[in-house]
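*Asks:* This is the structure I want to talk about, given as structure tokens.
The values are calculated or read from the model by the stated rules, or taken from the named source; none is laboratory data. What you see is a predicted model, and the numbers here were worked out from it, not measured in a lab. Cβ coordinates were reconstructed from backbone atoms using ideal geometry, including for glycine residues, and neighbour counts include every protein chain displayed. What goes into the accessible areas is simple: the full protein's heavy atoms, side chains included, and nothing from ligands, DNA or RNA. Shrake-Rupley method; radii C 1.70, N 1.55, O 1.52, S 1.80 Å.
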Amino acid sequence: MRIIGLFVCFLLALVSQAQTYALKGRVVDEKGRGLLGATVYLHETFQGTSSNDSGYFTLQGINKGTYHLHVTYVGYHAYSEHIRVSDSTPSLWVELHRSDLELHEAIIEDNGLKLGQGDYTVSVQVLDEKSLNRNQGPTLSNALEQLPGINSVNMGVAVSKPVIRGMSGNRIVVAENGIKQEGQQWGADHGLEIDPFNAERIEIIKGPASLLYGSDAMGGVIHIKQPLIPIYGTHEGKFKGIYKSVNNTIGGTASASGNSGGWVYRLRATWMDYGDYRIPADSFTYNRYTLPIVNKHLRNTAGKERHLAGQLGIHRKWGYSRITISNFNQRIGVFSGAIGIPRAYNLTDDGNARNIELPNQDINHLKIVSNSNIQFGGNWLEIDAAFQQNLRKEQSSPHAHGQPIGASSLAHELNLRTGSLNARYFRDKKFGKTTYGFAGTVQEHRFGGYEFLLANFERATAGVFVFQNRKISPMLSISGGLRFDYGWIHIAGHNQTTYQNGVAVGEMERVAENSRSFYNWSAALGLSKYFNHALNFKFNVGKSFRIPTTQELSVNGVHHGSFRHEQGDPSLNPEEAIQLDAGLYFEEESWFISISPYFNYFQNYIYLRPTAQFSPLPEAGQIFQYTQAKALMTGGEFSCEYHPIKSLHLESGFEYVYAQNLTEDLALPFVPPMQIKSAIEWEADWKSLRDAFVRLSWNWAMAQERTDRNERSTPGYHLFNLGLGSSIQLTRNYAVSASINARNLFDVAYFNHLSRWRYLNLPEPGRNINVQITLPLYGKTKAGE
């Protein structure tokens, strides 16, 4: 380690002594007029500046090499250009084009491949802090549902996970700061376990991304990105207060950030307390019994959240290095009717809507992440390393599960520790850009508690890939890559003590010891073609595979809060798929239209299937088994945005997923229904009010009647959401922001086809009024931030 440390210090000293250069240019509009205050920065080093009143800018102290220059300006399309800095670099002329489309003002650049939207061969969409604030949801996953093709699996209002084109869990990757989030993401009642207020910028890839992100990214990627570093010498602190009516949430998040001579820091603390949540129903029917919902609130669904995060980094001309430590903690009650068979005495009002009784869940996710980007000979080496510990404790009354009186209430303890290392080397030559990469992960899982669900296991994966992009002409880019992955899993056997009337009567084998190895390859080939400045066609074809998870191979028990007995299959083989993805995109100043069809053929698709059997275990419910079949998942999205005038925004989107079990000629389970998502938004500035807006959105989810055997269908529904807000410019440098967002405006009782609550005939949460107020504590803030 000492030798490695000395070597790194030597390299940093070497690159820091290199000759530096200045990059100069001018930012103008279509008529050649200089633009004041345009943000200009280099993607690799985050060195940045602003243009002066004539549009001129200068970046000093830049090493020789290749960079991605980004320029943004409110009301104009974002600009990205690949440049080479040397002693002969000419002055740049950056012409920006007007755009009334808010989401297209943001830079879109996939961090892993350093490609802009024009060169990337699959669609990448960006949601910035402004867009997320205007589409507030109970959780981060719900806020993403504004995009066609994105849905969520919900458990009440505190837990949800994203779904991309019908795929979720271990078929999509959720990454934060370059590192895949590793928790118990396979569980239906397990959320993202990420502080939602840390998500100031999100990039979403809809479609196959296994080449870069590994086998779990067959369906897509949700990448929570770092915001731009603060400008040299600036420091800022903010506080955001939060209220949600559906469960009387009271909370807040405080943040601080700054840059002192290239040393950058960020701090955030979040707390939220909430009570039992409300649904628009007085009773529900289960197994022909009608049971009450007292005061329209589900008892024991209250919770508490406490999240902390801190980052320290150094930014220099050679690149940057930073370390981030975060801790997510959530303690929530679980509706008593979801554990075993619902009974009336579990549903009565206990007089306290904010207490947390048995059963409940306590989740803690610790994450330590290191991100570095270092320049070598004009090229760039990125290294992301992380340690994560996900500790989940699920408590329940032991007598209800056949345990002796006096036994511990700890039903499940799932303790997962993960180490990750990702490295990418970017080499830029005249014939194109090449990326070489490595990704490795090691995991250890240990369990405890009186119930059994998932055995102890160890898991390791490693993958290497190469990817190349070539700019054939200014209007045509092609790209392709190859990846090889290896995975190893060892699952410990386990015998579980069985009880009868609280007395131990023997043991039952719940899982046999098993060790398996997997290896396979992935490949992709794509193109991005511009027919003119407004019309872009993208096409991507690839071969993907996914290693079975330990849960799919070995789970065997009742998952606390899932209301079902899940069984794995140790003989499952890796999934293999042929995936095609296409898109046609038209964009003018006030118009954006896209059509995005896709096609996925799986040779051996793994899925959790409801059976006609009920578990022999106490209070266990229906058995769901992991199985495999040839499958087809195809569909598409259509989006249209239009600004008839600058202040008026109209948008509409359509999505459809067709999923078929080809082996048995049946529909696959848990597939989102056809949906239409539309919105109208008015935005304007008036005197001291900045970014004032009113937004009305409508979601029509049609009935889902294409269901698997033993799966229930779901009726259609209409939802309306209303939001309004503004920033108030108090002084030149300080602004206060406030917004109100009402979800399910008309308090509709409906069933989400992806929610497990529908098996209890419980509707989704009722009207939820979300209020947020952002106050500056110190430093400089502007309206809209």
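*Asks:* Looking at (1) basic (Lys, Arg); (2) surrounded by fewer than 17 Cβ atoms within 10 Å (Cβ to Cβ); (3) touching a residue at least 60 places away in the same chain (Cβ under 8 Å), find the lone condition where residue 712 falls short.
*Replies:* Exception for residue 712: condition (3).
*Asks:* Next question. Mind checking whether some residue in the range 470-490 is out of contact with any Phe, Trp or Tyr (no Cβ under 6 Å at 6 or more places or on another chain), β-branched (Val, Ile, Thr), farther than 30 Å from residue 544 by Cα and not in a loop (DSSP other than H, G, I, E, B)?
*Replies:* no
*Asks:* Sticking with this structure for a sec: Out of 732, 756, I need the residue that is within 24 Å of the chain's Cα centre (by Cα) and of a type in the set (D, E, K, R). Which one? Before the answer, list the steps.
*Replies:* Numbers: 732 fails: within 24 Å of the chain's Cα centre (by Cα).
Checking each option against the conditions leaves just 756.
*Asks:* Okay, next question. So for the range 504-511 (the condition being outside any strand (DSSP E or B) and open to solvent by 30 Å² or more (accessible area, probe 1.4 Å)), does at least one residue qualify? It would help to see each step written out before you state the result.
*Replies:* Just the residues of the range 504-511 that are outside any strand (DSSP E or B), to begin with: none.
No, the range 504-511 contains no residue that is outside any strand (DSSP E or B) and open to solvent by 30 Å² or more (accessible area, probe 1.4 Å).
*Asks:* Among (1) under 30 Å from residue 438 (Cβ atoms); (2) buried (at least 23 other Cβ atoms within 10 Å of the Cβ), which single condition is residue 170 missing?
*Replies:* Only one criterion in (1) under 30 Å from residue 438 (Cβ atoms); (2) buried (at least 23 other Cβ atoms within 10 Å of the Cβ) is unmet by residue 170, namely (2).
*Asks:* Just name the residue that is nearest to residue 224 (Cα to Cα) out of those in the range 177-206 that are open to solvent by less than 20 Å² (accessible area, probe 1.4 Å) and assigned to a strand (DSSP E or B).
*Replies:* Looking at residues that are open to solvent by less than 20 Å² (accessible area, probe 1.4 Å) and assigned to a strand (DSSP E or B), I get 202.
*Asks:* Of the numbered conditions (1) open to solvent by 10 Å² or more (accessible area, probe 1.4 Å); (2) in contact with a strand residue (DSSP E or B) (Cβ under 6 Å, 6 or more places away or on another chain); (3) modelled with pLDDT of 85 or more, residue 260 fails exactly one; give the number of that condition.
*Replies:* The single condition residue 260 does not satisfy is (2).
*Asks:* Also, quick follow-up: Within the range 51-80, can you find the residues that are part of a strand (DSSP E or B) and open to solvent by 60 Å² or more (accessible area, probe 1.4 Å)?
*Replies:* 56, 60 - these are the residues of the range 51-80 that are part of a strand (DSSP E or B) and open to solvent by 60 Å² or more (accessible area, probe 1.4 Å).
*Asks:* Is there any pair linking a residue in the range 443-460 that is of a type in the set (Ser, Thr, Tyr) to one that is surrounded by fewer than 19 Cβ atoms within 10 Å (Cβ to Cβ), with Cβ under 9 Å and at least six apart or on different chains, and which?
*Replies:* Going by the 9 Å Cβ cut-off, the qualifying pairs are 450/407; 450/408; 450/409; 450/410; 450/497.
*Asks:* Quick check on the range 584-603. Is at least one of its residues at pLDDT below 95, closer than 22 Å to residue 483 by Cα and within 25 Å of the chain's Cα centre (by Cα)?
*Replies:* Within the range 584-603 (the criterion being at pLDDT below 95, closer than 22 Å to residue 483 by Cα and within 25 Å of the chain's Cα centre (by Cα)), the answer is no, since none of the residues qualifies.
*Asks:* In addition: Is there a residue being under 19 Å from residue 213 (Cα atoms) and buried (at least 17 other Cβ atoms within 10 Å of the Cβ) anywhere in the range 407-419?
*Replies:* yes
*Asks:* So how many residues does the range 215-251 have that are touching an Asp or Glu at 6+ places or on another chain (Cβ under 7 Å), in a loop (DSSP other than H, G, I, E, B) and not charged (D, E, K, R)?
*Replies:* The total comes to 3.
*Asks:* Can you tell me which residue within the range 479-503, out of those that are open to solvent by 80 Å² or more (accessible area, probe 1.4 Å) and of a type in the set (A, V, I, L, M), is farthest from residue 541 (Cα to Cα)?
*Replies:* 503
*Asks:* Could you give me the residue pairs with C-beta distances under 6 Å whose first residue belongs to the range 529-549 and is among the β-branched types (Val, Ile, Thr), whose second residue is in a strand (DSSP E or B) wherever it lies, and which are 6+ apart or on separate chains?
*Replies:* 541/525; 541/580; 547/487; 547/518
*Asks:* (1) open to solvent by less than 20 Å² (accessible area, probe 1.4 Å); (2) under 23 Å from residue 585 (Cα atoms): which one isn't true of residue 146, the others all being true?
*Replies:* Condition (1) is where residue 146 drops out.
*Asks:* Cβ contacts < 7 Å: first residue aromatic (Phe, Trp, Tyr), restricted to the range 738-753; second residue open to solvent by 50 Å² or more (accessible area, probe 1.4 Å) and modelled with pLDDT of 95 or more, any location; separation 6+ or different chain. Result?
*Replies:* So the pair list comes out as 746/720; 751/715.
*Asks:* Let me ask something additional. Of all residues in the range 440-472, how many are at pLDDT below 90 and either surrounded by fewer than 19 Cβ atoms within 10 Å (Cβ to Cβ) or under 17 Å from residue 519 (Cβ atoms) (or both)?
*Replies:* The total comes to 1.
*Asks:* Give, as residue ranges, the strands (runs of 3 or more DSSP E) completely inside the range 528-629 that count at least 2 residues that are under 30 Å from residue 300 (Cβ atoms) and open to solvent by 30 Å² or more (accessible area, probe 1.4 Å).
*Replies:* Values: elements: 535-546, 556-558, 565-567, 575-587, 591-614.
Per the criteria, 591-614.
*Asks:* Looking only at the range 382-406, count how many residues are surrounded by fewer than 22 Cβ atoms within 10 Å (Cβ to Cβ), at pLDDT below 85 and within 30 Å of residue 443 (Cβ to Cβ).
*Replies:* Summing the residues that are surrounded by fewer than 22 Cβ atoms within 10 Å (Cβ to Cβ), at pLDDT below 85 and within 30 Å of residue 443 (Cβ to Cβ) in the range 382-406 gives 2.
*Asks:* Related question: Kindly indicate whether any position in the range 372-381 is farther than 30 Å from residue 499 by Cβ, open to solvent by less than 40 Å² (accessible area, probe 1.4 Å) and in a loop (DSSP other than H, G, I, E, B).
*Replies:* So far as the range 372-381 goes, yes, one or more of its residues are farther than 30 Å from residue 499 by Cβ, open to solvent by less than 40 Å² (accessible area, probe 1.4 Å) and in a loop (DSSP other than H, G, I, E, B).
*Asks:* A follow-up question, please. Sort out which residues of the range 651-673 are open to solvent by 60 Å² or more (accessible area, probe 1.4 Å) and aliphatic (A, V, I, L, M), and write them in order of number.
*Replies:* 662
*Asks:* Here is a list of conditions, (1) touching a Ser or Thr at 6+ places or on another chain (Cβ under 9 Å); (2) in a strand (DSSP E or B), and residue 435 meets all of them except one; can you say which number that is?
*Replies:* The one condition residue 435 does not meet is (1).
*Asks:* Just wondering, is there one or more residues in the range 330-350 that are modelled with pLDDT of 90 or more, open to solvent by 50 Å² or more (accessible area, probe 1.4 Å) and outside any loop (DSSP other than H, G, I, E, B)?
*Replies:* Looking for residues that are modelled with pLDDT of 90 or more, open to solvent by 50 Å² or more (accessible area, probe 1.4 Å) and outside any loop (DSSP other than H, G, I, E, B), one finds at least one in the range 330-350, hence yes.
*Asks:* Determine which member of the set 316, 322, 299 is touching a residue at least 24 places away in the same chain (Cβ under 8 Å) and within 23 Å of residue 156 (Cα to Cα).
*Replies:* Answer to the check: 299.
*Asks:* Turning to a different aspect of this structure: Collect the residues in the range 83-119 that are open to solvent by 20 Å² or more (accessible area, probe 1.4 Å), in contact with a His (Cβ under 7 Å, 6 or more places away or on another chain) and at pLDDT 80 or above, keeping them in residue-number order.
*Replies:* 97
*Asks:* On to the next question. Hey, does the range 156-164 have a residue that's among the aliphatic types (A, V, I, L, M), in contact (Cβ under 8 Å) with a residue 60 or more places away in the chain, open to solvent by 20 Å² or more (accessible area, probe 1.4 Å) and within 23 Å of residue 135 (Cα to Cα)?
*Replies:* Yes, the range 156-164 contains at least one residue that is among the aliphatic types (A, V, I, L, M), in contact (Cβ under 8 Å) with a residue 60 or more places away in the chain, open to solvent by 20 Å² or more (accessible area, probe 1.4 Å) and within 23 Å of residue 135 (Cα to Cα).
*Asks:* Ok, one more. Of all residues in the range 726-768 being part of a loop (DSSP other than H, G, I, E, B) and among the aromatic types (Phe, Trp, Tyr), which is surrounded by the most Cβ atoms within 10 Å (Cβ to Cβ)?
*Replies:* So the first thing to find is which residues in the range 726-768 are part of a loop (DSSP other than H, G, I, E, B), and the list is 730-734, 744-755, 761-767.
Filter once more, so that each one left must be among the aromatic types (Phe, Trp, Tyr): 734, 746, 750-751.
Numbers: 734: 16, 746: 12, 750: 17, 751: 21.
Out of the qualifying residues, it is 751.
*Asks:* Just to be sure I understand, how many residues within the range 276-316 are buried (at least 20 other Cβ atoms within 10 Å of the Cβ) and either of a type in the set (Val, Ile, Thr) or assigned to a loop (DSSP other than H, G, I, E, B) (or both)?
*Replies:* Looking only at that region, the number is 8.
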